1. In degrees between 0 and 90, to the nearest 10, how far off the longest principal axis of the chain does helix 2-54 point, with axes built from Cα atoms?
2. Going toward the positive end of the dipole of the chain, with +1 on Lys and Arg Cβ and -1 on Asp and Glu Cβ, which of Phe57, Ser46, Gly21 do you reach last?
3. Please give the calculated 222 nm ellipticity per residue for the chain, where each DSSP H segment of at least 4 residues contributes -39500 (n - 2.57) and the sum is spread over every residue; nearest 500 deg cm²/dmol?
4. On full extension of the chain, what length is gained from Ser59 through Ser6, given 0.36 nm per residue of separation minus the C-alpha to C-alpha distance?
5. Excluding ligands, DNA and RNA, what is the solvent-accessible area per residue of the chain at a probe of 1.4 Å, expressed in Å²?
6. Translational D (Stokes-Einstein, µm²/s) of the chain at 25 °C and 0.890 mPa s when Rh comes from the Kirkwood sum over C-alpha pairs?
7. Sticking with the crude label model, points 7 Å out along Cα→Cβ, report the distance from Ala49 to Gln36 in nm, one decimal please.
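The values are calculated or read from the model by the stated rules, or taken from the named source; none is laboratory data. Note that the structure is predicted; figures quoted are calculated from it, not measured. Methodologically, a virtual Cβ is constructed for each residue, glycine included, from the backbone with ideal geometry; neighbour enumeration extends over all protein chains shown. Protein only, heavy atoms only, side chains kept; ligands, DNA and RNA dropped before computing areas. Shrake-Rupley method; radii C 1.70, N 1.55, O 1.52, S 1.80 Å.
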Amino acid sequence: MQDGYSRFEETAHRLAEEANGQVHHAAEDAQGYVHQGLNNMSRAGSAVAGAIRQRPFVSLALAALGGALMAVSRRS
């Protein structure tokens with residue numbers, strides 16, 4: 001009976017270590033995706049800011065057109 005308990009305990013410890021490794025790996029992946037997403041949002045924001053600085057009137061006209069299209073789509 002003691003031998004069976006020892007095997008069960010070994011198996012439980014091994015599975016716990018494997019599960020811990022998988023959770024840790026998944027957490028690292030998730031953290032990487034969050035950082036990548038924030039980096040992409042930062043670059044997009046910088047691109048929009050640069051476009052507004054270079055061509056403010058074109059940017060204003062595009063924003064007005066986009067707002068008008070959104071208003072029309074909400075009415076429908």
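1. Tilt of helix 2-54: around 10 degrees.
2. Looking along the dipole axis, the top candidate is Phe57.
3. So the helix-based figure for the chain works out to -35500 deg cm²/dmol.
4. 12.0 nm
5. Using a 1.4 Å probe on heavy atoms only, each residue of the chain averages 92 Å².
6. For these conditions, the coefficient is 138 µm²/s.
7. In this crude label model, Ala49 to Gln36 measures out at 2.5 nm.
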